[in-house]
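Heads up, the thing below is written out as structure tokens.
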Amino acid sequence: MLKKLFFNWKMNPASPSEASSLFTEFISLAQFQPQISLVVLPPYVYLSELNQQLQTSGVTNLKLGAQDLARYSAGAYTGQISGQMLKNMGCQYVLIGHSETREAYQLSHEQINQKLLQSLESGLVPILCVGHQSDKTITEINYPELSEQVTTALQNLPTEWQTEFYLAYEPVWAIGTGKTATNPIIEEVGQFLKQELAKLGLAKQVGILYGGSVDDVSIQELVKLQQIDGFLIGGASLKPEKFKTIAQVVANQV
Ligand code: 13P
């Protein structure tokens with residue numbers, strides 16, 4: 001199966017018109033590469049307009065998601081956005097526990113778990129991000145930390161839960177640095193994450209993603225990964241010539 005591409009715009013761009021122009025490039029990419037699945041994760045404030053653009057375009061291989069959601073379903077939580085709101089806004093996916101979000105809000109593993117449960121309750125497909133918080137380089141992988149991030153985030157799941165779900169491995173030191181983890185390391189971690197998921201009875205429906213400096217150059221090597229079902233892309237999401245090359249390389253994958 002072709003690898004799925006997720007584009008995290010982070011806190012970009014600055015205006016609705018720029019967001020709309022950028023999204024137009026994704027729509028044309030989706031039309032040009034109908035066999036590739038694309039998910040764009042813009043800031044909350046652009047979701048409504050981009051959803052209208054998406055509906056008008058008629059493309060079916062491009063979906064929208066959000067970059068975070070509240071731990072609660074509704075109520076007196078100033079500044080928070082619930083899963084139900086996102087769902088009603090046309091979102092199908094939501095990022096949970098991105099390292100930047102974990103750090104900005106000092107999120108505990110239990111709070112990540114609450115967000116995950118909210119995403120399921122709202123019918124959103126979660127993309128749970130895990131990575132080495134403590135390591136600054138790749139030389140030693142902190143497996144106990146990865147294991148804790150996965151197992152605590154995935155506790156108390158509804159037993160009947162069988163839906164699609166993604167686990168994104170993003171080593172913190174690789175995000176926005178132009179340095180990617182090597183393929184053997186990513187394969188090793190991908191294998192480890194699958195084993196952790198198997199222990200929880202969740203191996204079947206979970207796709208493993210890699211994120212961290214995926215761009216038009218690094219994709220040439222990364223596309224060869226066997227254990228990885230897709231990529232979570234940050235900076236290159238803002239540059240049409242880069243994300244179009246990434247999609248082309250993935251489309252050519254054998
Ligand atoms: P970069 O692709 O800019 O390294 O960002 C990765 C990321 O954080 C995606 O969520």
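Nothing in this text is a laboratory measurement; each read-out follows from the coordinates by a stated rule. Since the structure is predicted, the reported quantities are computational estimates derived from the model, not experimental observations. With ideal geometry, Cβ positions are generated from the backbone for all residues, glycine too; neighbour counts draw on all protein chains shown.
Some values worked out for this structure:
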item	result
Selection from L238, G190, L86, by position along the positive dipole direction of the stretch 4-251 (Cβ)	L86
Coil-residue GluC sites (Glu not before Pro) of the stretch 155-254, DSSP, other Cβ within 10 Å capped at 16	E160, E164
Chymotrypsin sites (Phe, Trp or Tyr not before Pro) within the stretch 45-147: DSSP coil, no more than 12 neighbouring Cβ in 10 Å	Y77
Size of charge dipole - the chain - debye, nearest 20, with Cβ of Lys, Arg +1 and Asp, Glu -1, no other charges	380 debye
Full-extension gain in nm, E121 to A198, via 0.36 nm per residue minus C-alpha separation	25.5 nm
Cα-based reach from K87 at 13 Å (exclusive), listing aspartates and glutamates while leaving out same-chain residues under 8 positions away	D68, E121
Positive-pole candidate from Y169, S73, Q53, dipole of the chain, charges at beta carbon	Q53
Members of K3/K204; K63/K224; K224/K244; K194/K244; K179/K224 lying beyond 20 Å, as alpha-carbon distances in this model show	K63/K224; K194/K244
